[in-house]
Amino acid sequence: MPETQELTINMGPQHPSTHGVLRLVLNLDGEIITKITPDIGYLHRGIEKLAEDMTYAQFLPVTDRLDYLAAVSNNLAYCLAVEKLLGLEVPKRASYVRVILTELSRIASHLVWIGTHALDIGAYTPFLYAFREREDILDIYELFCGSRLTTTCFRIGGLPQDIPEGFVEKVEKFTKIFPKKVDEYEALLTKNEIWLRRTQFVGIISAEDGINYSLSGPSLRGSGVKWDIRKAEPYCVYDELEFDIPTGRGIGDVYDRYLVRMEEMRQSCKIVQQAIAKIPDGDFIATAAKFVPPPKERVLTDIEALIHHFKLVVEGFKPPAKEVYACIEAPKGELGFYIVSDGSNKPYRLKIRTPSFANLQSIYKMIEGGMMVADAVAIIGSLDIVLGEIDR
Amino acid sequence: MKINRVISSIIEFIRGLSVTFWHLFVPSVTLQYPRQRWTVSDRYRGLERLAVDEEGRERCVGCCLCAQMCPSNAIKIVTGEGKDYNKEVISFEIDIARCLFCGLCVEACPKNALSMTGEYELACYNRAGMIYTKEGLYKSPDVTRYKK
Ligand code: SF4
Ligand code: SF4
């Protein structure tokens, strides 16, 4: 009998299936993983520290760079947190448009996920199809705010501009064709024998463990926990819209997380359809001279408005000294901003609770039970992590 | 049980292939860049530009609000005293290698002097080419277009 010993190898940080710069230290017994140690920090940019030296309005573009696949969701979570700090009421019209754009960002993020996840496991075609649909969503973003990836889509108090001409038609056109496209992806994957064998009963995490490891979002719902912040603590106008929370078959494996996200894309499409039909008339940004700069036409003609504008740009606003936490259901889970204000024009401390960071730790649990190296790839894919968010 | 699984896997295999097969007849969505170009939306946030007013004077008054607002300190403005006790903008530089193209500077400008164009092909061979001075910002940038 030849003697065997454990082997320690590096996976990443430059590895296509770690979705960025994640380094995993694997202890292997043959091909079976005995221990996994994620090593993060390769993409650290000090975003939380940066916030302490920026006014509240200035920090907004930086939030795009957290989860860069769903920049709109980050913008929304930050704006909601600051609005909560200021006690600012956002007009209905703005809230509806916010819901439409964030749900589209959920679809776009899930499309990148299905593309890369399938690619990791060895299916190339869904990648091409998913990116084709994602392009349509990016076109909608470009139409609305002028940028495709780093959107800086909202402003504190509402939207930067009203929705442009052709926006409604374009979104409607997309929601009409999109459910058929999801059927297409499912035809390629859902019952495919190779896909089933690679994903079923791989990376199992129970509902209880999921909660204990503070898993959130689709990864938690895959384990059968019906927890969604959009339902539990509705923000924006989610309480006026109808949608279901999918939970998969309740095993908590990679396949369940796949099913949940596929169904979520359909549900998001439904939400967008409802919201686009209901957009009310009215202002697109709140009127609050102390916090929101006055409209540009007023600035050009009115000295009072000009003074307010100068003051808000040079100094920013000064929120009351208190602490707030606001969270949303981002595509990857619970995304929250915790702001400590000391009454000055800059945050005293800003902590970002990003879903990918919390979700990644459950990999310890998922890898238990004799998973192989190839399964690790499937598990990382099913967690849908983005390193921009983990390292911040 | 096993035979059922074999049959279903063959059926699913054919179903998947039929999806890809029908895609052979769907028109291609690929844009043959750089031979084909897409038109950007009106709100596209590309390279910044400074504007002149109806009489050809520079609209920018050198108030530095744009530089103050910029999250990445990409704008550098030097002002001095010009004719008739007027403030004069001596130099105005945007370092687009630092710029996030967030558009906050445009919103901050109280004179509508700064705007963003649909120009997105901004690559160049050296760092100095990334710094746009007043001259560059008052005219449309020279862009090397692909020629066949
Ligand atoms: S677009 Fe944003 S980053 Fe670029 S110069 Fe303007 S404010 Fe600065
Ligand atoms: S804000 Fe406008 S007017 Fe003021 S310095 Fe900038 S470009 Fe010039």
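Details
- Scan region B:13-60 for residues that are part of a loop (DSSP other than H, G, I, E, B), of a type in the set (Val, Ile, Thr) and open to solvent by 70 Å² or more (accessible area, probe 1.4 Å) and the total you get is 4.
- Within region B:69-107, the set of residues being open to solvent by 70 Å² or more (accessible area, probe 1.4 Å) and closer than 18 Å to B:Thr133 by Cα comprises B:Asn73, B:Lys76, B:Val78, B:Glu88, B:Ile90, B:Arg98.
Yes/no matrix, rows are residues, columns are (1) assigned to a loop (DSSP other than H, G, I, E, B); (2) of a type in the set (Phe, Trp, Tyr); (3) within 24 Å of A:Val386 (Cβ to Cβ):
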residue	(1), (2), (3)
A:Gly20	yes, no, yes
A:Leu26	no, no, yes
A:Gly41	yes, no, yes
A:Leu50	no, no, yes
A:Gln58	yes, no, yes
A:Tyr68	yes, yes, yes
A:Leu76	no, no, yes
A:Leu85	no, no, no
A:Leu88	yes, no, no
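- Pairs with Cβ under 9 Å, 6+ apart, first in region B:95-124 and over 27 Å from A:Val299 (Cα atoms) and more than 8 Å from ligand 1 (Cβ to nearest atom), second part of a loop (DSSP other than H, G, I, E, B) and among the charged types (D, E, K, R): B:Glu121/B:Arg145
- Which numbered condition A:Thr190 misses (of (1) at the interface with another protein chain (Cβ under 9 Å from one of its Cβ atoms); (2) more than 13 Å from A:Leu259 (Cα to Cα); (3) hydroxyl-bearing (Ser, Thr, Tyr)): (2)
- Unmet criterion (only one of (1) over 26 Å from A:Pro295 (Cβ atoms); (2) part of a strand (DSSP E or B); (3) within 12 Å of another protein chain (Cβ to nearest Cβ)) for B:Ser115: (1)
- Region A:300-324, residues that are away from chain B (no Cβ under 11 Å) and of a type in the set (Gly, Ala, Ser): A:Ala321
- Any hit, region A:121-137, residues being more than 25 Å from A:Lys181 (Cβ to Cβ) and either more than 14 Å from chain B (Cβ to nearest Cβ) or buried (at least 22 other Cβ atoms within 10 Å of the Cβ) (or both): no
- With respect to being facing chain A (nearest Cβ under 8 Å), in contact with a helix residue (DSSP H, G or I) (Cβ under 9 Å, 6 or more places away or on another chain) and closer than 30 Å to B:Pro110 by Cα, B:Arg5 falls outside the description.
- Test: residue in region A:190-198 that is modelled with pLDDT under 90 and within 26 Å of A:Val272 (Cβ to Cβ): yes
- For region A:145-180, filtering for residues that are within 21 Å of A:Pro295 (Cβ to Cβ), within 11 Å of another protein chain (Cβ to nearest Cβ) and touching a Leu at 6+ places or on another chain (Cβ under 7 Å) leaves 4.
- Of the listed requirements (1) open to solvent by less than 10 Å² (accessible area, probe 1.4 Å); (2) at pLDDT below 90; (3) farther than 27 Å from A:Thr199 by Cβ, A:Leu88 misses just one: (1).
- When the criteria are applied in full, B:Cys70 meets the requirement of being modelled with pLDDT of 90 or more, within 14 Å of another protein chain (Cβ to nearest Cβ) and either under 18 Å from the mean Cα position of the chain (by Cα) or away from ligand 1 (no atom under 15 Å from the Cβ) (or both).
- Candidate set: region B:19-58, residues that are within 16 Å of ligand 1 (Cβ to nearest atom) and over 23 Å from A:Asp136 (Cα atoms); chosen: the one nearest to the chain's Cα centre (by Cα): B:Leu47
- Region B:89-141 - residue that is away from ligand 2 (no atom under 11 Å from the Cβ) and acidic (Asp, Glu) and, of those, farthest from the chain's Cα centre (by Cα): B:Glu135
- Only one of the listed residues (A:Arg298, A:Arg249) is among the basic types (Lys, Arg), open to solvent by 40 Å² or more (accessible area, probe 1.4 Å), assigned to a loop (DSSP other than H, G, I, E, B) and more than 24 Å from A:Glu172 (Cα to Cα). That residue is A:Arg249.
- Take the conditions (1) more than 21 Å from B:Gly62 (Cα to Cα); (2) more than 11 Å from every other protein chain (Cβ to nearest Cβ); (3) open to solvent by 40 Å² or more (accessible area, probe 1.4 Å); B:Tyr120 misses just one of them, which is (2).
The values are calculated or read from the model by the stated rules, or taken from the named source; none is laboratory data. What you are looking at is a predicted structure, and each value in this text was computed from that prediction instead of being measured. With ideal geometry, Cβ positions are generated from the backbone for all residues, glycine too; neighbour counts draw on all protein chains shown. For the accessible areas, the whole protein counts, side chains as well, though only heavy atoms, and no ligand, DNA or RNA atoms are used. Shrake-Rupley method; radii C 1.70, N 1.55, O 1.52, S 1.80 Å.
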